[in-house]
1. What's the number of the condition Ala10 fails, among (1) in a loop (DSSP other than H, G, I, E, B); (2) more than 33 Å from the chain's Cα centre (by Cα); (3) not aromatic (Phe, Trp, Tyr)?
2. Anything in the range 66-99 that is open to solvent by less than 90 Å² (accessible area, probe 1.4 Å) and within 30 Å of Val31 (Cα to Cα)? List them, or say none.
3. So, Ser44, is that one farther than 26 Å from Ser59 by Cβ, open to solvent by less than 80 Å² (accessible area, probe 1.4 Å) and under 31 Å from the mean Cα position of the chain (by Cα) or not?
4. Let me confirm something: among Lys5, Lys103, which residue is in a helix (DSSP H, G or I), at pLDDT below 95, loosely packed, with under 10 Cβ neighbours inside 10 Å and of a type in the set (Lys, Arg)?
5. Going by what's in this entry, would Lys52 be described as in contact (Cβ under 8 Å) with a residue 12 or more places away in the chain and open to solvent by 100 Å² or more (accessible area, probe 1.4 Å)?
Amino acid sequence: MIRYKEEKEAKKEAFRKYLESSGVLDALTKVLVALYEQNEKPSSALEFVQQKLGGPTASEYEKLQAEISDLQTKYNELLAKHQHTCKELQELKNPDSSPSSAKETVDGEPLKDEV
């Protein structure tokens, strides 16, 4: 039981050192001090922290999500158009192998042109 507690404390200490060496503790401390020093506390402390750490606000995030959706739709449309154009190009390069240039058959017999 003692060994388990020692291992747990060692993990906590290693994690604390990691946060300190990567600058996370300093950044969080500065943001929390800035929040503490606000004369008028913001309505959302979480949004304040996010904004101070460089993250988007909730409305900015929603706009970015909408932009991602629009761009994904445009990408899908362009990809489909590109694939269709590639198929047309391939058919123009190889007119003999394209199904649209071959005459349809019924029971293996070529269809007769009607005049």
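1. Looking at each condition in turn, Ala10 falls short on (1).
2. Ala66
3. Working: farther than 26 Å from Ser59 by Cβ: no; open to solvent by less than 80 Å² (accessible area, probe 1.4 Å): yes; under 31 Å from the mean Cα position of the chain (by Cα): yes.
Judged against the criteria, Ser44 is not a match.
4. Values: Lys103 fails: in a helix (DSSP H, G or I).
Among Lys5, Lys103, only Lys5 is in a helix (DSSP H, G or I), at pLDDT below 95, loosely packed, with under 10 Cβ neighbours inside 10 Å and of a type in the set (Lys, Arg).
5. Details: in contact (Cβ under 8 Å) with a residue 12 or more places away in the chain: yes; open to solvent by 100 Å² or more (accessible area, probe 1.4 Å): yes.
So Lys52 passes the test.
The values are calculated or read from the model by the stated rules, or taken from the named source; none is laboratory data. Quick caveat: nothing in here was measured; it's all calculated off a predicted structure. Here the Cβ is made from the backbone with ideal geometry for all residues, glycine too, and neighbour counts use every protein chain on show. For accessibility, only protein heavy atoms count, side chains too; no ligands or nucleic acids. Shrake-Rupley method; radii C 1.70, N 1.55, O 1.52, S 1.80 Å.
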